[in-house]
Structures are given as C-alpha cells and as structure tokens.
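Structure first, then comments.
Nothing in this text is a laboratory measurement; each read-out follows from the coordinates by a stated rule. Just so it is clear, the model here is predicted, and its values are computed rather than measured. Cβ coordinates were reconstructed from backbone atoms using ideal geometry, including for glycine residues, and neighbour counts include every protein chain displayed.
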Amino acid sequence: MEMASPVSPPVLERNGDDAEVIIIGGGLAGLSAAIYLARSLRSTLVIDSGKSMAAWEPDVQNYLGFPAGISGEELIHRGRKQAERYHVRFAEDEVIGAEKEDGTFVVRAKNRSYHGRRLLIATGIFHLPPDIEGVRECLGHSMYFCKDCDGYRNQGKALGIYGWNNLTVDYALGMLVYSPVVAIVSNGHSPEWDD
C-alpha cells in the first residue's frame with residue numbers, strides 16, 4: 001500500500017508572515033508539535049537554537065517505538081526529517097524576545113525577526129552542568145540530569161546527587177526508588193534546604 005504524499009499547507013493571506021504558527025524550540029516537544037500542526041495543514045516554522053537537552057543523551061531508553069534505545073541526536077534527526085516531510089520549515093536561530101503587535105507575533109532572534117499568527121513555546125528545560133573539569137564528558141555516561149529518564153539504568157549503584165537546595169533533596173529522595181545508597185554532594189556549599 002502506497003502512502004499519500006503530504007499536502008502543502010495553504011498559502012498565508014497576511015503579507016509578511018513567515019508562518020501561521022511559529023514554534024520556539026527544535027527539541028522533541030517542538031518537533032512533535034510541528035508534525036501535528038503541519039498535518040493539520042498549518043504553515044509551521046520551527047526556530048531552533050540547536051541546544052536540545054536530548055542531543056546530550058547517548059542512549060534514550062524510554063522513548064516509545066525504540067525498544068533497543070536510540071541516541072538523542074538520532075531521535076532529533078529523525079523527528080526533523082519527519083517534520084520536513086510535512087513541509088515544516090526550520091530557522092537556525094536563537095530567540096531573544098517576542099511580543100504581539102496588531103494581532104501578529106513578532107519573534108526577535110539573533111539573526112532576524114519572524115512574524116506569525118500563533119506562537120508555541122517548546123523550549124523545554126536546559127540544565128547547566130556544574131563548573132567542574134571533565135563533567136561534560138561524563139554527561140549521559142556517568143552523570144545524568146533526569147531521574148525519570150536515567151534512574152532505571154542506575155539501579156543498585158551508589159549514587160551521588162550534586163546540589164545543596166530543596167530540588168537536590170527531592171531528587172535524592174526520588175532516587176531511593178532505584179538505589180539504597182544515595183548521598184548528596186554539595187562541593188563545599190552549605191545546605192540551603194528546608195527542615
């Protein structure tokens with residue numbers, strides 16, 4: 001059975017709009033939203049800074065449809081190819097602000113401004129690794145940011161949770177599901193968590 005070719009979204013009536021919908025963020029959430037919008041025949045532009053956290057993950061094990069796992073970079077690459085199949089356009093740019101003027105969103109970015117009727121923000125979260133030499137090389141191998149994504153693969157291991165605030169404690173308590181040995185490592189900072 002042959003699949004039907006994707007239909008191009010209708011041409012915008014308003015002059016000067018770059019797209020009917022502008023999505024800020026080219027990670028997994030932004031790509032998923034872009035595919036749904038484009039399949040609903042909405043002219044869609046994704047502004048991608050290239051800083052998706054998924055790209056740091058060498059082995060994503062909890063994403064539907066990949067039982068053997070997949071690298072974050074490959075998952076993003078496949079998502080982008082799928083979005084392009086439905087005529088989603090991409091701008092490699094970094095957004096610095098957005099405002100609504102006369103019913104149109106104006107998205108200011110480092111390279112230029114973009115105009116659209118709707119704006120969807122899918123920037124996700126961005127963790128900054130601690131400023132410790134050699135840490136970046138450990139990301140996704142022996143250092144992780146997400147207990148929900150990476151706790152399972154660290155079952156039974158002695159774990160150190162870096163930080164000194166309430167979020168650190170919440171994370172450490174959550175990791176007790178996976179390991180009986182969880183320590184908070186503050187790197188010399190005084191604890192700032194609640195009693």
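Full extension of the chain between Ile125 and His77 gives 15.4 nm of extra length, using 0.36 nm per residue less the Cα-Cα distance. The largest-to-smallest principal axis extents of the Cα set in the chain are 60, 47, 30 Å. Projecting the Cα atoms of Pro129, Thr104, Gly188 onto the charge dipole of segment 75-195, computed from C-beta unit charges around the Cα centre, puts Thr104 farthest toward the positive end.
Relative to the longest principal axis of the Cα atoms of the chain, helix 72-85 runs at roughly 10 degrees.
For segment 51-147, the spread of Cα positions along the three principal axes, ordered from largest to smallest, is 50, 35, 22 Å.
Subtract the Cα-Cα distance of Glu94 and Lys110 from 0.36 nm times their separation in residues, and report this length gain in nm to one decimal. Don't skip to the answer; put the middle values down first.
Numbers: separation 16, 0.36 × 16 = 5.76 nm, distance 0.57 nm.
My answer for the length gained is 5.2 nm.
Projected onto planes of every orientation and averaged, the convex hull of the alpha-carbon atoms in segment 39-100 covers 5.6 nm². Each Lys and Arg contributes +1 and each Asp and Glu -1, all at the Cβ; summed about the Cα centre of segment 63-195, the dipole is approximately 780 debye. The lysines within cross-link reach of Lys157, meaning a Cα-to-Cα straight distance under 21 Å and a gap of 8 or more places when in the same chain, are Lys147. Distance from the alpha carbon centroid of segment 62-83 to that of segment 104-160 works out to 16 angstrom.
Counting only alpha carbon atoms, the long axis of helix 166-175 and the longest principal axis of the chain meet at about 80°. Given 37 °C and 0.692 mPa s, compute D for segment 100-195 with the Stokes-Einstein relation, Rh being the Kirkwood radius over Cα pairs; round to the nearest whole µm²/s. Diffusion coefficient, whole number: 199 µm²/s.
For helix 28-39, report the angle its Cα long axis makes with the longest principal axis of the Cα atoms of the chain; keep it between 0 and 90° and round to the nearest 10°. Helix 28-39 sits roughly 20 degrees off the main axis of the chain. Within the straight-line cut-off of under 21 Å between alpha carbons, the lysines reachable from Lys100 are Lys110, sequence neighbours fewer than 8 places apart in one chain being disregarded.
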